[in-house]
Amino acid sequence: MSIRDRLPPVLRHGPAFWRRSVQARVVVSTVLLSAAVVGIVGWFLIQQTREGLLDHRVEAVVQEAESETEAARAALAAAFGVDVDESAQQQALVEPLQARGATAGFAVVLSPPVKDGVRLADGGAKFTEGLNLSSVPESMEARFDSLSPTAWTYTDIQTTRPIQGLPEGPGIVVGSQVRLPADDNTYTLYYLYPLAEQQETLALVSRAMLIAGVPLLLLVAGLTWLVTRQVVTPIRMARRVAERLAAGQLQERLRVTGEDDLARLATSFNQMASNLQKQIRQLEELSRLQRRFVSDVSHELRTPITTVRMASDVIHDAKPFLDPVTGRAAELLQKELDRFETLLADLLEISRFDAGAAVLETEDVDLVDVARRVVDMTSALAAQRDTRVVLHDPGAPCVAEADVRRVERIVRNLVTNAIDHAESRDVEIFVGADLQSAAIAVRDHGVGLGPGESAMVFNRFWRADPARARTSGGTGLGLSISLEDTHLHGGWLQAWGRPGEGAQFRLSLPRQLGTQLRHSPLPLVPVDARETA
């Protein structure tokens, strides 16, 4: 077994499986929509959790910073007087805070003093060892360039060396001002608290939601697959049964289980199949009887027609000795008998096509030679109609594997039909071939065909104008027989026409019998018609 055979059907067959499988599309669509919903809900919950953790942390650190500042301010006031050195007071203020920060997990920065809204240059900042002063945002320092209440902001804590309890990363900085007893200057204390714990909590929540979301999506996919399977399986069974019915296995039926909607659908489908089977069998029997009737009548009429033909020949031979009226009647009788015999022959041929008994006797046929013979055979009829049949010789053989008798009959029918509708204008025959196909086109410049008539012209006994006489003696079956002959060869017989501009019939055949015909070497629409369009 190859690697491709081990893949799931959706991967093994690709887009074709996706187009054909309703179940696959439903499962994938449901999983994608569920993933989108889970993602949106998860994002919302994570945001809410994040905001809750940060709000709680901010509230706690602000209260803690204010408490630390108040405690430091009270301790300074109780321990020192105004005569104590300023540097000593700063040291006494920062060192206890640094000591508590080492255990409580925060860092302290004491900035230079601010007096009358101006930051004094003397006295550098004092801060927890290892802390990078850039951890305090410039916007925060600018806020405390003047007297300001306690404020906070988010920051990115950076260190020059590891500080116990204070990891690098996101954090909160809280600023609070304090006045030392030794001078009249205001100092700003910055407390930096890490958010590492909240970050870990948020990461834990995110992982938990991801771990829970993936099995949830798999569960949704499994449930969707099971639910759609219950619906799709009966539909697939109905499709298979319908395909067998279309293939002629009329006895096929769906198995009905239960009383739900699908069971009622299966019951209705079976009833429809039974009715179709009954009607098809009735039509087949009727068609069989009709074919047998046509064949029997055609055969049975041949004997009396032969007798009538013999009597008509005797009367026709005696025409010079008859009076003019009787002689004219003998001539009409002979003509109609000819037409009647042709009609019987066509009916017999149609009955062979209907019974599927028509076979081909193939050989290599040059369509140019066929066209020349047809021109010779129809020259007398064309002269009677004051029409010329013009063959446009391609100058090279156009050979195809075909039944020469049937191909000649097709071309003869087309040319005769063109002469009948040419209105005394020329009838043109075009022959062409390429590597895959060969074709003959018959063009007339007569009455033409109206919209939609190019498809109806091959119907049996169809006439565009019922009042128009069949001057060529046709039976109304010639084009129908020609179409059946063409189908036997696996070719095309097509018609084009335009009222007042004539018509063109094109016969296209594959060069090799049994190959599929994909194009024709001759255009269906005449060149002169396209130029005037």
>> Quick check for you: with a 1.4 Å probe and neighbouring chains kept, what is the accessible area per residue of the stretch 155-205, in Å²?
In response: 42 Å²
>> P(r) for the stretch 198-240, please, calculated from all Cα pair distances in 10 Å bins and given in %.
In response: 25, 25, 20, 15, 10, 4, 0
> From the phi of every residue in the stretch 376-387, what ³J(HN,Hα) in whole Hz does the Karplus formula 6.51 cos²θ - 1.76 cosθ + 1.60 yield, where θ is phi - 60° and glycine or proline is x?
Replying inline: 5, 5, 9, 5, 5, 5, 5, 5, 4, 8, 6, 10
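Ratio to report: Rg/Rh of the stretch 388-523, with Cα atoms as the point set and Rh obtained by the Kirkwood method; give two decimals. List each step's numbers first, then the result.
Numbers: Rg = 14.4 Å, Rh = 15.1 Å.
Taking Rh as the inverse mean 1/r over Cα pairs, Rg/Rh reads 0.95.
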> If the cut-off is 18 Å between C-alpha atoms, which aspartates and glutamates fall inside it for K319, apart from same-chain ones fewer than 8 positions away?
Replying inline: E331, E336, D338
> Of the heavy-atom accessible surface of the stretch 148-253 (probe 1.4 angstrom), what whole percent is carbon and sulfur?
Replying inline: 62 percent
> How much accessible surface does F461 have with a 1.4 Å probe, in Å² rounded to 10?
Replying inline: 110 Å²
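Heavy-atom accessible area per residue, the stretch 406-460, 1.4 Å probe: how many Å²?
On the way: 1950 Å² over 55 residues.
Per residue, the stretch 406-460 has 35 Å² of solvent-accessible surface.
The values are calculated or read from the model by the stated rules, or taken from the named source; none is laboratory data. Bear in mind the structure is a predicted one, so any value in this text is a computation, not a measurement. Heads up: the accessible areas ignore ligands, DNA and RNA and are worked out on the full protein's heavy atoms, side chains in. Shrake-Rupley method; radii C 1.70, N 1.55, O 1.52, S 1.80 Å.
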